[in-house]
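The values are calculated or read from the model by the stated rules, or taken from the named source; none is laboratory data. The shown structure was predicted, so the numbers you read here are calculated from the model rather than taken from an experiment. No Cβ is skipped: glycine too gets one built from the backbone with ideal geometry, and neighbour counts run over all protein chains shown.
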Amino acid sequence: MGVQYSSYSALGTSIETAEITAGAVTAAKLASMGAMIEVGSDTLTGADSVIEVTGLDLDTDGVYIGYISCEAAANGVLGIYLNSDSTATNYYAQEYNVNNAAIAGSRGNAFAPFGLNAGENAVIWFMISPDVDGYPRILWFSNMYAVASLQIRNCYCVRNNTANVTSIHVYNNGSNFSAGSKLVIYKPN
């Protein structure tokens, strides 16, 4: 049967088991306990080359944690850009890719683009926050490609200007993402 609790507490707030059973726990009460709050999402209902979330304010929110789950409708190159800024020289990236026993790294000006072939999937978890000088730094972890040829790609990136991040755009240059592909962004409370 397991242990049963009469209440749950975090960050100075308590929820009684009776509140949970009665369905009386409010979103505000959960948020006061340190929950992640969704600030935006986009799920494609049809094929499109862009998945995006706008209306963000990194200067106020401080950090974003999100994920991308996508499938390529045809061969293309996936890239992630802040504020629709797709100018490669505005980003610096250091990344590594693990493919079976081979590990390879690269460094360059781009926000971690990588090829994604027709029917292949990628799941990417990322965090974005400004450094002390205000430059947005991005850390992402991904696994991608067909199930039988799974690869890992991790990237560390910085945009070389301090403009507030108000939108995140995921592009599939040269192709479309399949319906159901999505981008979801959270902020900690």
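Assorted remarks:
- Ala24 vs. criteria closer than 15 Å to Val184 by Cβ, in contact with a helix residue (DSSP H, G or I) (Cβ under 9 Å, 6 or more places away or on another chain) and modelled with pLDDT under 80: no
- Answer from Tyr92, Tyr64 - the residue that is over 13 Å from the mean Cα position of the chain (by Cα) and of a type in the set (Phe, Trp, Tyr): Tyr92
- Qualifying position, being in contact with a Gly (Cβ under 7 Å, 6 or more places away or on another chain), under 26 Å from Ile185 (Cα atoms) and among the hydroxyl-bearing types (Ser, Thr, Tyr), among Tyr91, Tyr96: Tyr96
- Note on segment 144-181: among residues that are of a type in the set (Ser, Thr, Tyr) and in a loop (DSSP other than H, G, I, E, B), the one that is nearest to the chain's Cα centre (by Cα) is Ser181.
- Index of the failed condition, Ser7 passing every other in (1) in the same structural domain as Asp59 (by TED's automatic domain parsing); (2) of a type in the set (Ser, Thr, Tyr); (3) modelled with pLDDT under 70: (1)
- Residue within segment 59-72 that is in contact with a Gly (Cβ under 6 Å, 6 or more places away or on another chain) and part of a strand (DSSP E or B) present: no
- Of all residues in segment 98-116 being surrounded by fewer than 18 Cβ atoms within 10 Å (Cβ to Cβ) and closer than 30 Å to Val39 by Cα, the one that is nearest to the chain's Cα centre (by Cα): Gly115
- Against the numbered list (1) more than 16 Å from Tyr91 (Cα to Cα); (2) at pLDDT below 90; (3) in contact with a Gly (Cβ under 6 Å, 6 or more places away or on another chain), Ile185 comes up short only at (2).
- Of all residues making up segment 131-166, the number that are closer than 16 Å to Ile65 by Cβ and either in contact (Cβ under 8 Å) with a residue 60 or more places away in the chain or in contact with a Lys or Arg (Cβ under 9 Å, 6 or more places away or on another chain) (or both): 10
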